[in-house]
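Single-structure report; data block below.
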Amino acid sequence: MKPLSKQIGSTLNRVDGHLKVTGAATYSAEYELPGMSYAVLVGSTIAKGRIKSIDARAAEKAPGVLAVITHFNSPKVPGFTPTGKDPSQPQTTGGRLKVFNDDKVRFNDQPIAVVVADTLERARFAARLVKAEYEQEKHETDMAAGLRQAFVPTQAKKNPKSGVADYVRGTADAYKTGAVKLEAEYVIPTEVHHPMELQAIIAHWEAPDRLTIYDKTQGTMATRRDFAKEWGLPEENVKVIATFVGGAFGNALHSWPHESAAIIAARQVKRPVKLVLTREQMTTMVGYRPHTWQKIGMSASPDGKITAITHEATGQTSSYEEFTESTVQQTRMMYTAPNVNTRYRLAALDVSTPIWMRGPGEATGAFALESAMDEMAHLLNLDPLEFRLRNYTDKDPENGKPWSSKFLKECYQMGAERIGWSKRQLKPGSLRDGDWLIGYGMGVGTFGAHRGSSKANVRLLPNGTVVLQSAVTDIGPGTGTAMTQIAADTLGLPPEKIRFEWGNSEFAPAPTQGGSAIVNTVGPAVQEACLALKEKLRTMAGASNAAFASARKEDVVFADKYLTLNGNDTARASYADLLKQTDGGFVTVESKPNGENGQKYSMYSYSVHFAEVRVNPLTGEVRVSKLVSCADAGTIVNQKTAGNQMKGGAVGGIGMALMEATHMDDRFGRYVTKDLADYHVPVQADAPAVEVLFVNQPDPHVNALGTKGIGEIAIIGVAPAIANAVFNATGKRVRELPITPDKLV
Amino acid sequence: MNQFQYVRPSKQQAAIEAVAKDANATFIAGGTNLVDLMKRGVMAPQKLVDINRLPLTRIDHDPGKLRIGALALNSAVADDKQVREHQPLLVQAINAGASAQLRNMATTGGNMLQRTRCPYFYDTAMPCNKREPGTGCGALEGINRMHAIFGFSDKCIAVHPSDMSVALVALDATVLVSGPRGDRRIAFADLHRLPGDTPEKDTTLEPGELITAVEVPDNPFTKHVSYHKVRERASYAFALVSAAAALDLDGSTIKAARLAFGGVAHKPWRLTAAEQFLVGKPATEETFKQAATVAMQGAKAFKHNEYKLRLAPNTLVQALKNATAA
Ligand SMILES: Cc1cc2nc3c(=O)[nH]c(=O)nc-3n(C[C@H](O)[C@H](O)[C@H](O)COP(=O)(O)OP(=O)(O)OC[C@H]3O[C@@H](n4cnc5c(N)ncnc54)[C@H](O)[C@@H]3O)c2cc1C
Ligand code: SF4
């Protein structure tokens, strides 16, 4: 690859930054359509049972109300085939909740009615008037009960090679006979994504068979597929627009009942329907990080070599849909250990379905594994960094393959130096500043450097601007900015000459924004599309200009108003002339992962987080006073947006470690922490100035750009780094997050 | 939200009459608590009497006492030179509450009268005697980690959430009230009540009674003060437990002390016995621990708030240490 890069690696400001800070960026709830109506969902007040009756008379009579839709009068949705009718399939594989499709209540606050009115206020008022009667059944929301009935995920039963199936290397449970032995249980509570932007949708039937939705989603294509299927429509008939997404952290990776409800409502009232969830409904209707129980068994030789690890995890899911994640993956590949086995189970409860939340299962799993690493280092009287180095692995112990690239050692070194790791004392409780104890901890994170297939559209406009289009969304990481930089460097144009358009299902197909895979996947598509554009323009120019005809596409240069050639400035083809013959149209290119390389190498991004905490031993207050996050994420396309990603992940990790938790009253199967006064996320005062360090070495195998992905590793490993630092400060090991003052006093 | 009437009288008497005459009318000041409760369906007044036109925003220091108008904003009080000079404990307590934005809207009167943050009170699908007398107390056997360890009843175990009030009760403040039957003064410690059998009543105010001001007598507690609030994040969260401590020191001997807890009872919890215990004793951690033991007499925990039995005394010790060092 020729040395690129004026833009790649720069700190280019977000291309949409100005729009966002001036309020000019239009989010899903902010579109206005003629005849708009407003929908408000009514949730069930029981966790399990049957709806006996719904009295909607008062609501229907309320001013401005256009419809009250319940399962009694909902228009039939063609894709809502009956569930639970096939006795050979477990109940938990029923799929997404089919809203207003039957009289069953499967979780508390399940949508049981939607009220549509001509204003939001009227819809809200009327929604309060809807009264339901239930035939209640005994529900189970208590994880303790779920654990007693934990089961192997259906996916693992069907496919023993699946990532959630049991895994054994060497001997299972070999830790039990190890020289130095640790066995500990770790718990993560249910955490909620709570992005700033509430989940919102506008559903608009443009014709009886044509649906347009403005939706908060991380994947315009996936949303299109889901709702085309739900309504038995060809996919082209459904258009999904998600230009701006105000954070999502995973909760817009799935299609949810409120989206179905808005589409049903729009069908019924024959007007566009806008539906925005309330903050309380964000807890119950759009997924969450599942409550997860884990157990780590670990043994090591007295000289600090891990001899065996057993990692068991059980995650909560709903009674109607199995949600699985890669909670135990890091344990399989992070450290050399001859004996490793993992067991992943599900606990089905009468709750709504969870969904990936940033760093997803890997972040949950890393809390257990990286806490256990710290506990074992303590047992061995070893520095936890030294312990990790003694168990460092240069090839993937899970499958014996070489790493595509791995610079974790470099991360360890940079981070340790920056935090001042040498100040750390082996003996907990040794450092103090006035009333506050000081401790240091570290945690490692890893996530697959995934790359999928993607297309990209590109065309040149007569004014010399290059327009690219992709269905991909930008949920905040700066996708639009990164793609602009990649295009600018590939074409040799300044970023102002590039217009990258995204967030529309009618653009070139691209995968859902998630799994840290977007730069890895869409980046190459943009790059290849730009090269194809060069070639196309060269050929077009070559028709009347011999110099272009014989030139190589690499020599094509975009000047301000004309195309020219490297080393031959006299060869010129003006854009206006070029585009006279044909409007140019879009060049569409599909970029696919390098299949062979994928087979040959194991591909992962890595991070290590170092935390310095202060703990008040009297009150149990914990403050993170320093946080250093180092990442081996391949090429860093944009230092600024990548740095933002890392900082955001680190702050998310502080939330996970110290405050985020929902509390369920199991008597009612109903959460008591539903708003942002009860569900705490970090505020500015909780976040120190996070220092971010990148190795910034290209990975030679994932793609031509050398990227590996950042979004997940930014948070994976942060919570254990803080928990380990709290132990180092106090000698208290908290194995159930979050580490709130009540657990330390 | 329900439909409601809205009036904004400019005469105090008109405002009082509007509420006194109409059982479904209520005052609104900053609205930061009331409007939330209306949106959630917890309160549904049919008439709002906006008192923001009444001339109740003044903060004056007269000989011997500070007088804060009921409509003085929390931020204005905390920034006021006279308040900072004479009542630094009050400043600390106000600044520990809510966020800068909320303190810019919240008023002195409204802050005292804010309602509990008990999650069962806020969720109309849950039982709650305070919201709907007779439905039972959801918290009693539920998720009661935020709840009371003092002064509760089997009808209600909620805590009062105001930080400002914890300082005011410690500082012997007096609430000035004007009502349909004239004016009266209420010792701050008597403004809020314990739940007993009628948890729906938060205070001893009569219908239509308007708080016009709060008075804080001058005192020697201008230096050694601390409001220590323990919460689940560094800022912008309600207290798990908070402690107000004010000391008058003669060298290292305690001449007088004022102490109160927040987050432990249905009202700000003055600690008179512990105050008396401290008088004449040396200001050491050992003394503070003994005082904290005195302060905790009679405390009783529920399933999820047992930690408060340890956190509350420790927080008091921390506040006393801070105050001594101040
Ligand atoms: C997210 C959030 C976090 C918060 N965190 C904290 C915190 O940490 N600590 C804390 O202490 N507080 C906190 N608060 C509460 C905040 O302090 C109160 O909402 C505020 O002080 C209420 O004042 P207001 O003027 O807005 O009252 P309003 O909402 O206008 O009124 C509250 C009540 O007082 C009555 N009232 C108001 N003025 C008078 C008067 N003069 N005479 C008689 N009755 C009157 C009203 O009728 C109403 O019932 C928080 C609030 C929110 C929303
Ligand atoms: S503690 Fe009081 S406010 Fe809370 S549920 Fe019980 S009665 Fe209601």
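Brief remarks follow.
- Close amide-amide hydrogen proximity is noted between residue A:565 and A:557, A:571, each under 5 Å apart and 5 or more residues distant or on a separate chain (H modeled in the peptide plane; Pro and chain starts excluded).
- Other residues whose C-beta falls under 14 angstrom from the C-beta of residue A:511 contribute a net charge of +3, scoring Lys and Arg +1 and Asp and Glu -1.
- Accessible area buried between chains B and A, both sides summed, probe 1.4 Å, in Å² to nearest 100: 3100
- Among the cysteines of chain A, A:530 have no other cysteine beta carbon within less than 4.7 Å of their own.
- Aspartates and glutamates with Cα under 13 Å of residue B:47, excluding same-chain neighbours fewer than 8 positions away: B:17, B:22
- Between B:325, A:288, B:182, the Cα set farthest toward the positive side of the dipole of the protein assembly as shown (charges on each charged residue's Cβ, about the Cα centre) is that of A:288.
- Over the protein assembly as shown, the alpha carbon radius of gyration divided by the compact-protein estimate 2.2 N^0.38 Å works out to 1.01.
- Beta bridges by DSSP in chain B, antiparallel share as percent, to the nearest 5: 85
- Residue order by solvent-accessible surface for A:632, B:80 is B:80, A:632, largest first, with ligands and nucleic acids left out and a 1.4 Å probe.
- Solvent-accessible surface (1.4 angstrom probe) belonging to residue B:154, in square angstrom, nearest 10: 100
- Accessible surface ranking for B:61, A:609, 1.4 angstrom probe, highest first: B:61, A:609.
- Trypsin sites (Lys or Arg not before Pro), loop per DSSP, at most 11 other Cβ atoms within 10 Å - longest free stretch of chain A: A:162-551
- Inter-probe distance in nm under a simple model that places probes 7 Å from Cα toward Cβ, at residue B:5 and residue A:136: 3.9
- From phi via Karplus (6.51, -1.76, 1.60), per-residue ³J(HN,Hα) for the stretch B:137-146 in Hz, x at Gly/Pro: 9, x, 6, 3, 10, x, 7, 10, 5, 8
- Contact order for chain B, expressed relative to its length and based on alpha carbon pairs under 8 Å spaced 6+ residues apart, stands at 17 percent.
- With 5 Å bins from 0: P(r) over the stretch B:1-88, alpha-carbon pairs, percent: 3, 13, 20, 18, 15, 13, 10, 7, 2, 0
- Summing Cβ point charges (Lys, Arg +1; Asp, Glu -1) relative to the Cα centre of the stretch B:5-47 gives a dipole of roughly 80 debye.
- Size of the stretch A:96-154: Rg and Dmax of its alpha carbons, in Å, are 16.5, 49.
- Top positive-direction residue, dipole computed over the protein assembly as shown with Cβ charges, set A:47, A:645, A:442: A:47
- Entry note, chain B: the mean residue ellipticity at 222 nm calculated from DSSP H runs of n ≥ 4, each adding -39500 (n - 2.57), is -7500 deg cm²/dmol after division by the residues and rounding to the nearest 500.
- Reciprocal of mean inverse Cα separation for the stretch B:5-47 (Kirkwood radius, Å): 11.0
- Dipole size of chain A about its Cα centre, with +1 on Lys/Arg Cβ and -1 on Asp/Glu Cβ: approximately 620 debye, rounded to the nearest 20.
- Cα-centre dipole for the stretch B:224-325 with unit charges at Cβ (Lys and Arg positive, Asp and Glu negative), debye to 20: 380
- Calculated [θ] (222 nm, deg cm²/dmol) that DSSP helices of n ≥ 4 give over chain A, each run adding -39,500 (n - 2.57): -7500 deg cm²/dmol
- Taking θ as phi - 60° and the Karplus parameters 6.51, -1.76 and 1.60, the scalar couplings of the stretch A:156-161 work out to 6, 5, 6, 9, x, 8 Hz in sequence order, x denoting glycine and proline.
- Normalised by the number of residues in the stretch A:113-217, the mean separation of alpha-carbon contacts (under 8 Å, six or more apart) gives a relative contact order of 9 percent.
- Percent carbon-and-sulfur accessible area, the stretch A:331-446, ignoring ligands, DNA and RNA, probe 1.4 Å: 48
- Sequence-distant residues sharing a close amide H with residue B:66 (under 5 Å, placed H): B:216, B:218
- Pairs of alpha carbons in the stretch B:260-326 whose separation is greater than 18 Å (percent): 34
- Close amide H contacts of residue A:500 (hydrogens built in the peptide plane, cut-off under 5 Å, sequence separation of 5 or more or a different chain): A:468.
- Relative contact order of chain A, pairs being alpha-carbon contacts under 8 Å that are 6 or more residues apart, as %: 17
- DSSP-loop GluC sites (Glu not before Pro) across the stretch A:95-155, with at most 16 other Cβ within 10 angstrom: A:137
- Per residue, the accessible area of chain B comes to 39 Å² when a 1.4 Å probe rolls over the protein heavy atoms.
- For the residues A:465, A:364, A:26, A:570, a 1.4 Å probe over the protein chains yields an accessible-area ranking, largest first, of A:570, A:26, A:465, A:364.
- Computed over all pairs of different Cα atoms, the Kirkwood value for the hydrodynamic radius of chain B is 20.1 Å.
- Among the residues of A:666-677, the average count of other protein chain beta-carbon atoms within 10 Å of the residue beta-carbon is 5.
- Legend: P(r) of the stretch B:174-305 from all alpha carbon pair distances, 5 Å bins from 0, whole percents, reading 2, 9, 14, 18, 18, 16, 12, 7, 3, 1, 0.
- Under 13 Å, Cα to Cα: Lys pairs in the stretch B:224-325, sequence gap 8 or more or different chains: 5
- With θ taken as phi - 60° and the Karplus curve 6.51 cos²θ - 1.76 cosθ + 1.60 applied, the whole-hertz 3J(HN,Hα) list for the stretch A:677-689 is 7, 9, 8, 8, 10, x, 9, 3, 5, 8, 10, x, 5 Hz, x standing for glycine and proline.
The values are calculated or read from the model by the stated rules, or taken from the named source; none is laboratory data. Since the model is a prediction, treat every value here as computed from it, not as a measurement. Methodologically, a virtual Cβ is constructed for each residue, glycine included, from the backbone with ideal geometry; neighbour enumeration extends over all protein chains shown. When the accessible area is computed, the model is the full protein with side chains, heavy atoms only, and any ligands, DNA or RNA have been set aside. Shrake-Rupley method; radii C 1.70, N 1.55, O 1.52, S 1.80 Å.
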